[in-house]
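**Student:** Have a look at this one before I ask anything.
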């Protein structure tokens, strides 16, 4: 199964916000709330990742955590691929 | 009885009381379907029921043109803000009647009649609580929480709209929420998004309803809120709140099946479908009482001594993070684009929101419209949760789909 590295997931994340006419900040510590990246955007990103890797992501493996920054999103989506 | 409890709009922080809402209420003399974007938009119409009137509340994302015409033909004026579309078959209001919409066996919504009294199923005294209501306006679960605030002393409400669920924890902390009722999707999203912060919220009651409840989410909630009672409720427009389970386990004990207890619903499983005869029943669209056994349309199976309710037998209505979306409404919208020849809309499993709206689209001859164009176009015309986020452009309409009237 193909997996996406962090820059590849970041590129997909940039595509999600680009459709809304926004630019993804370069800073991984940027807050999702500040850039208006909401649950629906996160879900869309997850589907884009799934389409790229040809497999469903297992979010049950993620455990309890807080997702507040761009880095949190990238960490999660890189971590759970292949689990 | 109107309890003068507090109602808080989580988005604006605006506080009011049911007493104030009733004082300002302006009843409408004709049957009215209020089309609302937000929960708070429906409250004046609910308060006006004190003086009679006939009311149906429907979330804007759920209303397609076919439903709008059905309602107007059934005598309802459609009211959306200041805009009124008059009934095409006007009639007098049936005072005190409250209508809810549910999915019929054909997938089209059908009306179920209630009153504020039949929607108020909580009995006995309750400890004072401040409830968060995250449900989509007009649903049975929404009415359950609304009537709790309207009629039971000491039950204040904080209304948060499905579009604002990413941020519900902040207003919940600010307004002292002690009880939260939400769908399992709502709770999954909450646990994933706010896991570590949830301990700041000292909940006394955690309630799940509106969707099938599985053991994983119950266990996670019990661990996240060790001091709270974790309950799940099976309720629907047709049979009311019929199953209430407080033991932290999915399903209900098999011993509850086919048991006759005065004042309580009778529960059965027939051909894999949950069947309920309920004292909290509504009426059908003609006003006839639904006193007999109701086929709920929900799949049920017995496993390890528990009866598990696992989901809808039909799949025509999507639930996107707690917001109901009509597949037909989204498909109609896409197909109204001047460069779209055909569209099929469906739900796709997604994290946080449970299901996302996705679509297959065939562009018209000579068009170079692409998926991003259509997403942006739809975003200007649909509620955020109803916008198809993944659109697959097909070269031609799939042959098998041309044989279906509704895909």
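The values are calculated or read from the model by the stated rules, or taken from the named source; none is laboratory data. This one's a predicted model, so the numbers in the text were calculated from it and none came from an experiment. Ideal geometry is used to build each Cβ from the backbone, glycine not excepted, and the neighbour counts take in all protein chains shown.
Residues are listed down the side, and each one gets a yes or a no for (1) closer than 19 Å to residue B:135 by Cα; (2) not in a helix (DSSP H, G or I):
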| site | (1), (2) |
| --- | --- |
| B:7 | yes, yes |
| B:11 | yes, yes |
| B:20 | no, no |
| B:23 | no, no |
| B:30 | no, yes |
| B:44 | yes, no |
| B:49 | no, no |
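**Student:** Is it the case that region A:68-75 has a residue that's closer than 21 Å to residue B:375 by Cβ and within 11 Å of the chain's Cα centre (by Cα)?
**Tutor:** Yes, the conditions are met somewhere in region A:68-75.
**Student:** Is region B:205-212 home to any residue that is more than 26 Å from residue B:268 (Cβ to Cβ) and within 11 Å of another protein chain (Cβ to nearest Cβ)? Show your work before the answer.
**Tutor:** Initially, region B:205-212 is screened for residues more than 26 Å from residue B:268 (Cβ to Cβ), giving B:205-206.
In the following step, the residues that additionally are within 11 Å of another protein chain (Cβ to nearest Cβ) were identified as none.
No, region B:205-212 contains no residue that is more than 26 Å from residue B:268 (Cβ to Cβ) and within 11 Å of another protein chain (Cβ to nearest Cβ).
**Student:** Does residue A:3 satisfy being more than 8 Å from chain B (Cβ to nearest Cβ) and loosely packed, with under 13 Cβ neighbours inside 10 Å?
**Tutor:** For residue A:3, the condition - more than 8 Å from chain B (Cβ to nearest Cβ) and loosely packed, with under 13 Cβ neighbours inside 10 Å - is not met.
**Student:** Next up: Quick check on region A:11-20. Is at least one of its residues within 13 Å of another protein chain (Cβ to nearest Cβ) and modelled with pLDDT under 90?
**Tutor:** Scanning region A:11-20, I find at least one residue that is within 13 Å of another protein chain (Cβ to nearest Cβ) and modelled with pLDDT under 90, so the answer is yes.
**Student:** Among the residues of region B:203-237, which ones are touching a residue at least 60 places away in the same chain (Cβ under 8 Å) and over 22 Å from the mean Cα position of the chain (by Cα)?
**Tutor:** Hit for region B:203-237 is B:204, nothing else.
**Student:** When only residues in region B:88-117 that are at pLDDT below 85 and buried (at least 18 other Cβ atoms within 10 Å of the Cβ) count, which is nearest to residue B:73 (Cα to Cα)?
**Tutor:** Among those residues, the one meeting the criterion is B:109.
**Student:** Tell me yes or no: at least one residue of region A:63-70 is at pLDDT below 90, part of a helix (DSSP H, G or I), surrounded by 13 or more Cβ atoms within 10 Å (Cβ to Cβ) and within 12 Å of chain B (Cβ to nearest Cβ).
**Tutor:** no
**Student:** Which members of region B:64-86 meet the condition of being buried (at least 19 other Cβ atoms within 10 Å of the Cβ) and touching a helix residue (DSSP H, G or I) at 6+ places or on another chain (Cβ under 7 Å)?
**Tutor:** B:64, B:78
**Student:** Look through region B:370-386, keep the residues that are facing another protein chain (nearest Cβ under 8 Å) and touching a residue at least 40 places away in the same chain (Cβ under 8 Å), and return whichever of them is surrounded by the fewest Cβ atoms within 10 Å (Cβ to Cβ).
**Tutor:** Among residues in region B:370-386 that are facing another protein chain (nearest Cβ under 8 Å) and touching a residue at least 40 places away in the same chain (Cβ under 8 Å), the one surrounded by the fewest Cβ atoms within 10 Å (Cβ to Cβ) is B:384.
**Student:** Within region B:312-333, is even one residue part of a loop (DSSP other than H, G, I, E, B), away from chain A (no Cβ under 14 Å), at pLDDT 90 or above and more than 18 Å from residue A:38 (Cα to Cα)? Quick ask: steps written out before the conclusion?
**Tutor:** First, pick out the residues of region B:312-333 that are part of a loop (DSSP other than H, G, I, E, B): B:313-316, B:321-322.
After this cut, where a residue has to be away from chain A (no Cβ under 14 Å) as well, the list is B:313-316.
Imposing the further condition that a residue be at pLDDT 90 or above reduces the set to none.
Checking region B:312-333: not a single residue is part of a loop (DSSP other than H, G, I, E, B), away from chain A (no Cβ under 14 Å), at pLDDT 90 or above and more than 18 Å from residue A:38 (Cα to Cα).
**Student:** In addition: Just to be sure, is residue A:51 surrounded by fewer than 17 Cβ atoms within 10 Å (Cβ to Cβ), more than 12 Å from the chain's Cα centre (by Cα), more than 10 Å from chain B (Cβ to nearest Cβ) and more than 22 Å from residue B:380 (Cα to Cα)?
**Tutor:** No.
**Student:** I need a count of the residues in region A:17-30 that are assigned to a loop (DSSP other than H, G, I, E, B) and either within 17 Å of residue A:54 (Cβ to Cβ) or in contact (Cβ under 8 Å) with a residue 24 or more places away in the chain (or both).
**Tutor:** Qualifying residue count, region A:17-30: 6.
**Student:** Residues A:8, A:14, A:46, A:33: which one is outside any loop (DSSP other than H, G, I, E, B) and buried (at least 20 other Cβ atoms within 10 Å of the Cβ)?
**Tutor:** Being outside any loop (DSSP other than H, G, I, E, B) and buried (at least 20 other Cβ atoms within 10 Å of the Cβ) holds for just one of A:8, A:14, A:46, A:33, which is A:46.
**Student:** On to the next question. Take region B:153-188 and flag every residue that is at the interface with chain A (Cβ under 10 Å from one of its Cβ atoms), surrounded by 20 or more Cβ atoms within 10 Å (Cβ to Cβ) and out of contact with any strand residue (DSSP E or B) (no Cβ under 8 Å at 6 or more places or on another chain).
**Tutor:** Selection gives B:165, B:166.
**Student:** State the number of residues belonging to region B:55-67 that are modelled with pLDDT of 95 or more and outside any strand (DSSP E or B).
**Tutor:** Here the count works out to 0.
**Student:** While we're on this one: Report the residue count in region B:225-239 for those that are in contact with a helix residue (DSSP H, G or I) (Cβ under 7 Å, 6 or more places away or on another chain) and modelled with pLDDT under 90.
**Tutor:** The number of residues fulfilling the criteria is 3.
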